[in-house]
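Worksheet for the structure shown next.
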Amino acid sequence: MTSTTPSAPALTRPSRSAPRPPSPVPVLAHLVIWGGAAAVLALWWSDTRSVVGVAGWLTGAGRITGLLAGYTCAVLLVLMARTPLLDRAIGTDRLARWHAMGGRYTISLACAHVLLIIWGYSLESRTGVVNQTTTLVLHYPDLLKGTVGFLLFLVTAIVSARAVRRRVSYETWHFLHFATYLAVFLVFGHQLSDGADFTGNRSAQLAWYALYIGAAALLVWYRFAVPVRRALRHRLYVTEVRPEAPGVVSVYLSGSRLEELRAEPGQFFRWRFLTRGLWWAANPYSLSAAPHPAYLRITVKASGGHSAALARLEPGTRVLAEGPY
C-alpha cells in the first residue's frame with residue numbers, strides 16, 4: 001500500500017508547569033447525587049403514614065428500593081452521557097468507575113425491590129408467591145413491560161460480571177449496554193402508574209418526569225447529536241493503514257478542520273468505522289502521535305475481532321469520532 005500520509009512530527013517535551021489544584025466538581029457531584037437520594041427517601045417518608053406488620057415492612061422496603069433503583073437509573077444515564085463539563089472536571093475513567101459501581105447498586109436495588117414487593121404483597125393477600133407474581137405481572141398497569149425491562153437489566157448485569165466479561169467480546173458487551181436504554185424506557189411507565197408514592201402526587205410525577213427528561217436530553221445531545229454534527233463538519237475518513245509489526249497497524253485519518261478538535265497526545269476518541277462489521281460499535285483507541293492539522297493517527301494491536309478488522313480497512317472509509325477524552 002502506497003503511503004500518502006506525511007511522517008509524524010517528533011514529539012517535543014512539554015514544559016513543566018505547576019500542578020493544577022484539585023477540582024471541586026467531583027465533591028459537588030457526590031453531594032448532588034446523595035442529595036437526590038435523600039430527596040427520594042423523603043418522598044417515601046412524606047407519603048407513608050405508618051408501617052404495620054411484617055407485610056407492611058416488606059412492602060415499605062420494596063417501595064424504598066424501587067424508588068432508589070429508579071433514581072439511580074437516571075443518575076447512570078447522566079454519568080455516561082459524555083457531558084463535556086463532567087468529562088473534563090471529573091475524568092472519563094472516573095466516571096466509568098462510578099457508572100460501574102452505580103450499576104451494581106442499581107441491579108441490587110432492583111432485585112431487592114422485586115423480591116420484597118412480591119413477598120410483602122403475597123403475605124398481605126395471603127396468596128402464594130407464584131400466584132402473586134402472576135397477578136402483578138399480568139394485571140398491574142405497565143408491569144409486563146417493566147418485567148421485560150428488569151430482565152434486560154439482569155442480562156446486562158450478568159454479562160458485565162468480571163468472570164463473564166472476560167469471555168465476552170467488547171462489541172457484545174457494548175450492544176447489551178445499548179439495550180439498557182430500552183430497559184429504562186420499559187420500566188419508566190411502571191414507576192409512575194404502579195408506584196404508590198406517585199399515584200395522585202402531581203408534584204412527584206413532574207419531578208420524576210423532569211429527572212428523566214433531563215437525563216434523556218443530555219444523552220441524546222452528547223451521545224448522538226454532537227457526534228453527527230462533528231461528523232458532518234470534520235468529515236473524517238481513513239487515508240492509510242500502515243503495518244507497524246506483526247498484528248499491529250497504524251490507521252491514519254484525515255478530514256476538515258482537524259485543529260478544531262483540540263486533541264492532545266495521549267487522549268482517546270471513540271471511533272466508529274462506517275464499514276461492514278464495524279459501523280455499529282464505537283471502540284476507544286488513543287492517539288499514537290501528536291495531532292497534526294492534516295491527519296490523526298491511532299496504533300492498534302489485534303486483540304479482538306474489532307481491533308483485528310482495522311488492518312483490513314480501505315482508504316476512504318468514513319469515520320465517526322467521539323472525543324477527545
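Laboratory data are not the source of any read-out in this text; all were calculated from the coordinates shown. Because the structure is a prediction, the values reported are computed rather than measured. All Cβ positions, even for glycine, are placed from backbone atoms using ideal geometry, and neighbour counts span all protein chains on display.
For region 101-108, the Karplus equation 6.51 cos²θ - 1.76 cosθ + 1.60, evaluated at θ = phi - 60°, returns couplings of 5, x, x, 5, 4, 5, 5, 5 Hz by residue, with Gly and Pro reported as x. Charges were assigned to the Cβ only: +1 to each Lys and Arg, -1 to each Asp and Glu. The resulting dipole of the chain about its Cα centre is roughly 860 debye.
Computed over the Cα atoms of the chain, pair by distinct pair, the Kirkwood hydrodynamic radius stands at 22.6 angstrom.
When its C-alpha radius of gyration is set against 2.2 N^0.38 Å (N residues), region 11-155 gives a value of 1.41.
For region 130-135, backbone phi angles converted through the Karplus equation (6.51, -1.76, 1.60; θ = phi - 60°) give residue-by-residue couplings of 5, 4, 5, 4, 4, 4 Hz, Gly and Pro being listed as x.
What FRET efficiency, computed as 1/(1 + (r/R0)^6) with R0 = 35 Å and r the Cβ-Cβ distance, is obtained for VAL220 and VAL52, rounded to the nearest 0.05?
So the FRET efficiency works out to roughly 0.20.
Farthest toward the positive end of the dipole of the chain, out of ALA29, THR72, TYR212, is the Cα of ALA29, where the dipole comes from beta carbon charges about the Cα centre. Were the residues from ARG257 through ARG94 laid out at 0.36 nm apart, the gain over their Cα-Cα distance would be 55.7 nm. Binning the alpha carbon pair distances of region 40-124 at 10 angstrom intervals from zero yields the distribution 18, 37, 25, 15, 6, 0, expressed in whole percent.
Convex hull volume of the Cα atoms of region 208-325, normalised per residue: 117 Å³. Label separation (VAL137 vs ALA207): 3.3 nm, computed from points 7 Å beyond Cα along the C-beta direction.
For region 83-242, compute Rh as the Kirkwood radius over C-alpha pairs and then the Stokes-Einstein diffusion coefficient at 10 °C and 1.306 mPa s; write the answer in µm²/s, rounded to an integer.
Values: Rh = 18.7 Å.
Result for D is 85 µm²/s.
Orientation-averaged projection of region 75-170 equals 8.2 nm² [convex hull of Cα atoms, one quarter of hull surface area].
Our estimate of slack between TYR181 and ALA39, defined as 0.36 nm per intervening residue step minus the Cα-Cα distance, is 48.7 nm. Both radii come from the Cα set of region 187-273: Rg as radius of gyration, Rh as Kirkwood radius; their ratio Rg/Rh reads 1.27.
Based on DSSP H runs of at least 4 residues, each adding -39500 (n - 2.57), what is the mean residue ellipticity at 222 nm of the chain after dividing by all its residues, to the nearest 500 deg cm²/dmol? All intermediate terms of the calculation are to be shown ahead of the outcome.
On the way: 11 runs with 180 residues, N = 325.
Theoretical 222 nm ellipticity from helices: -18500 deg cm²/dmol.
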